[in-house]
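Trainee: Please see the structure below; I have some questions.
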Amino acid sequence: MSRPLRTIVVATVALVVMLAMAAPALAQNPHFIRASAHLNNNGTLTVSWKEAGLGNNQNISYVASADATATYVCVNRGGANPSAQNKTTVAGPVSAEGTFSSGKNGQIRASLTLSPPPSDISCPPGQSLELAEVSYTNVSITDTTNGITETIPGTFSSGCLLPNVRGAC
């Protein structure tokens, strides 16, 4: 084989090998297709999403996060919140984490559930601590593996979760 022909063959083989190695990387383009949130009757917030372009059988880690405000009350056996001292509002960031596999199609459809910030009061004997109201803002889902965040617009607020408790809301 002549030298110029050998050079062309080696260059062609090298180019084919480089393209074959680069093809999987080019096929992966992580992006959120959709993301939403739903406030549940118990005051938790479920964040759901679909992400594609992940590559097959990849484990992807996520963090759902929000700023939350919660009002807790102490409820007596008679079904009332007996005093203003037994009511508190707390606020702060909340989050939930999870890792999911992209399977054979390079996509993940999943959800994580956020809980309200914990109460900073304790109830006297004979009373139970109950969540009366909750609100979530600045909700987002982050693919921490690929560094991609999707913001979910809106405020998710419960109103009164204890409509039958006198003085709760």
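The values are calculated or read from the model by the stated rules, or taken from the named source; none is laboratory data. Quick caveat, the model's predicted, so the values are computed rather than measured. When we count neighbours, we look across all protein chains shown, and the Cβ atoms used for this are built from the backbone with ideal geometry, even at glycine. Ligands, DNA and RNA are excluded from the accessible area calculation, which covers all protein heavy atoms including side chains. Shrake-Rupley method; radii C 1.70, N 1.55, O 1.52, S 1.80 Å.
Trainee: Here's a check for you: in segment 88-127, which residue that is open to solvent by 60 Å² or more (accessible area, probe 1.4 Å) and among the small types (Gly, Ala, Ser) is nearest to the chain's Cα centre (by Cα)?
Mentor: It comes out as 95.
Trainee: With segment 103-169 as the region, which strands (runs of 3 or more DSSP E) entirely inside it contain at least 2 residues that are under 17 Å from residue 42 (Cα atoms) and either free of Cβ contacts under 8 Å to residues at least 24 places away in the same chain or of a type in the set (Asp, Glu) (or both)?
Mentor: Details: elements: 108-114, 128-143, 148-152.
Correct list: 128-143.
Trainee: Can you spot a residue in segment 139-158 that is farther than 30 Å from residue 52 by Cα, open to solvent by less than 20 Å² (accessible area, probe 1.4 Å) and of a type in the set (Val, Ile, Thr)?
Mentor: No - not one qualifying residue is present in segment 139-158.
Trainee: Considering only residues of segment 57-87 that are hydrophobic (A, V, I, L, M, F, W, C) and under 15 Å from residue 120 (Cα atoms), which is nearest to the chain's Cα centre (by Cα)?
Mentor: Taking segment 57-87 as the starting set, the residues that turn out to be hydrophobic (A, V, I, L, M, F, W, C) are 60, 63-64, 66, 68, 70, 73-75, 80, 84.
After this cut, where a residue has to be under 15 Å from residue 120 (Cα atoms) as well, the list is 68, 70, 73-74, 84.
Working: 68: 14, 70: 19, 73: 27, 74: 30, 84: 34 Å.
Filtering first and then ranking leaves 68.
Trainee: Return yes when residue 62 is within 30 Å of residue 164 (Cα to Cα) and among the aromatic types (Phe, Trp, Tyr) and no when it is not. Don't jump to the end; show me each part of the working.
Mentor: Numbers: within 30 Å of residue 164 (Cα to Cα): no; among the aromatic types (Phe, Trp, Tyr): yes.
It is false that residue 62 is within 30 Å of residue 164 (Cα to Cα) and among the aromatic types (Phe, Trp, Tyr).
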